[in-house]
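To start, the structure under review is shown below, and the notes come after it.
The values are calculated or read from the model by the stated rules, or taken from the named source; none is laboratory data. Worth saying up front: this structure is predicted, and the values here are computed from it rather than measured. Don't worry about glycine lacking a Cβ; one is built from the backbone with ideal geometry, like all the others, and counts go over all protein chains shown.
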Amino acid sequence: MQRSLHTAGQLIKKKPFFWALVPIFFILKNANIYFNVIPGEQVAWLLLGYMARAFILYFILFRVFAKKNYKAALYCFILLSIYFFFENFDHFLQAQKWLHPFNRYRWSYPALALFLAVIFFYIRRLRSAPERTILFLNLLLIFFCLSEAFPLLYRSVNRQQPLLSIENEPSPLPGPATGTPNAPASTPQAPGLAHSPAHPDIYFILLDEYQGNAGLQKAFNYNDPLGTMLAARGFFAPRVARSNYNYTFFSMPSILNMNYLHGEIQGRTAEEDHLLFSSGIVLIRNSRVIRFLKSRNYEMVNLSPFRLEDSGEVGVSQFKSIIVEKDLIDDQTFFYSAKEKFAWMISDKKILRFLNPMDYNIQYHNEYVGEHLDAASAAPGKNPKFVYAHFFIPHSPFFKDSAGNEVNFRHFIQEKMGTDVKYMNDLYLGYLKYGNTILINSIDTILRHDPGAMIMVMSDHGYRGFPAENKYLEYDNQFYARTPEQNYSGWPDTVDAVNAFRLLFNKEFDQQLGYLPYHAKEFKLPSH
């Protein structure tokens, strides 16, 4: 025993393995933070990938530059620490207002380069292994890893409640009636979703951040023709359509579970916000709507950025349109951080498409969704299908004008976004008009191929660029529905997003799901 302890002590004192613990600590730290929202297998694959790249880096540094294992270890440790933790340091630096303007990137990046040059020169001049430094770094990284490993083990054994969940169904619920969505029904609430022989194909088309008609008229002085165009195609439109949340990550799980979220949706930091967003995304998997439709043998056609089921990949996986699951960890690394800050300066679209700074690939996502939505309507099948098509239109960035011409994205990303309100509002309205053209073309294609389909078109929330006095307009959204029989007698004149699928299931599947009273909950991004 004593000999084993002595051997371990010598190993920690003389063998520079601390560099290999950097990616392990990074993964353990984030696995603790995002424990409930990132599948364990994704965390494991990330760790294997990071370790493989770390060993390759060590080998290159040893063979090409260092020739000594302790030098290669020190080089590798510094580079890996910057790669994994620079984003954390940068967030801290940007929060230090007293350092302005020296915390700006034109100063911080050259300072980082100078630091690397000095420390690398110092390491290169070492003539013997710095045993005290090796011992300190080995012990420090061991301590860091253990300090994250034990809480992670505890969480694995003692499962914690997720940050967000779906509220319990009130019982009994009031049922649907004519006129207002909160009127009592003539029949009691059924204990669950009842069987229905009707099985039309269902197309759920979500237009992200499409402002409702009242807000378009009040804030944009724009009379949207979309309602008239859809009415001519047999769609129902209520007098009032309202969302319950002003952010997609909370609105979509509420819509697809036909209920409100339980838990606080407001974070205090960007990290907490990402955790809450991810908690919302988890609630989309096997939501109440999906479970109901699967029980009726519906096939899922997923043209959204979310996973609708526990198994299988995200439907539009080649176009990364939101940060989801393992991206929460991977996007903290130096490469992704630098890409988000500087890639927009590149004019070459092939390079931009490869780098994909935040939201850039949304344009390709939208094209993919449109093409596959049209194809889904023409595809034959033995079972009915549920098609969830999620367009990031008219959500920013506004890549097209009303005629479908490309907007100078560098101009509005680097110079205008968040500063020139009129310019941004004009771009939003142009993108909305372009989106209407795409939508109507898809609707006509669906009706040509699948005239007996049920179609629901809605937005998850309104425009978020309003000044404080008009923030209430963020909950003014769009809702249109078309059923095979086109009989809308008794449909309510107010439709809240949380009740959208309750309305359709009651009318087309003979359900008796009560309409929930209206509530709205705001999410605000942290000021920093």
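State whether the residues of segment 419-427 include one that is modelled with pLDDT under 95, aliphatic (A, V, I, L, M) and crowded, with 21+ Cβ neighbours inside 10 Å. Yes: segment 419-427 contains one or more residues that are modelled with pLDDT under 95, aliphatic (A, V, I, L, M) and crowded, with 21+ Cβ neighbours inside 10 Å. Residues being in a helix (DSSP H, G or I), over 30 Å from residue 325 (Cα atoms), among the basic types (Lys, Arg) and without any contact (Cβ under 8 Å) to a residue 60 or more places away in the chain are represented in segment 131-138 by at least one member.
Taken together, the residues in segment 86-106 that are at pLDDT below 85, part of a helix (DSSP H, G or I) and among the aromatic types (Phe, Trp, Tyr) amount to 3.
Of all residues in segment 390-400, at least one satisfies being assigned to a strand (DSSP E or B) and either out of contact with any Ser or Thr (no Cβ under 8 Å at 6 or more places or on another chain) or surrounded by fewer than 13 Cβ atoms within 10 Å (Cβ to Cβ) (or both).
The criterion of at least 2 residues that are crowded, with 22+ Cβ neighbours inside 10 Å, in contact (Cβ under 8 Å) with a residue 60 or more places away in the chain and not aliphatic (A, V, I, L, M) is met by the following helices (runs of 4 or more DSSP H) wholly inside segment 213-273: 248-257.
Restricting to segment 346-377, and then to whatever is hydroxyl-bearing (Ser, Thr, Tyr) and modelled with pLDDT of 85 or more, can you tell me which residue is nearest to residue 453 (Cα to Cα)? Only one residue fits best here, namely 377. Does residue 444 satisfy the condition of being modelled with pLDDT of 80 or more and of a type outside the set (Phe, Trp, Tyr)? Spelling it out, residue 444 is indeed modelled with pLDDT of 80 or more and of a type outside the set (Phe, Trp, Tyr).
Of all residues being touching a residue at least 24 places away in the same chain (Cβ under 8 Å) and out of contact with any Lys or Arg (no Cβ under 9 Å at 6 or more places or on another chain) in segment 423-432, which is farthest from residue 376 (Cα to Cα)? Just the residue, please. The extreme case among them is 425. Screening the candidates 335, 277, 292, 306 for the property of being closer than 20 Å to residue 26 by Cα, at pLDDT 85 or above and of a type in the set (Phe, Trp, Tyr) yields one hit, 335.
If you check residue 463 against the conditions, is it in a loop (DSSP other than H, G, I, E, B) and either buried (at least 17 other Cβ atoms within 10 Å of the Cβ) or outside the structural domain of residue 376 (by TED's automatic domain parsing) (or both)? I'd like the intermediate steps shown before the answer.
Working: in a loop (DSSP other than H, G, I, E, B): yes; either buried (at least 17 other Cβ atoms within 10 Å of the Cβ) or outside the structural domain of residue 376 (by TED's automatic domain parsing) (or both): yes.
Here the answer is yes, as residue 463 does meet what is asked.
Within the option set 34, 50, being of a type outside the set (S, T, N, Q), crowded, with 16+ Cβ neighbours inside 10 Å and more than 22 Å from the chain's Cα centre (by Cα) holds for one residue only, 50. Among residues of segment 101-126 that are in the same structural domain as residue 86 (by TED's automatic domain parsing), those with a Cβ under 8 angstrom from a residue that is loosely packed, with under 12 Cβ neighbours inside 10 Å, sequence gap 6+ or separate chain, pair up as 103/96; 107/101. Against the list (1) surrounded by fewer than 14 Cβ atoms within 10 Å (Cβ to Cβ); (2) on the phi < 0 side of the Ramachandran plot, the condition residue 67 fails is (2). Here residue 486 meets each of (1) among the polar types (S, T, N, Q); (2) at pLDDT 90 or above; (3) part of a helix (DSSP H, G or I) with one exception, condition (3).
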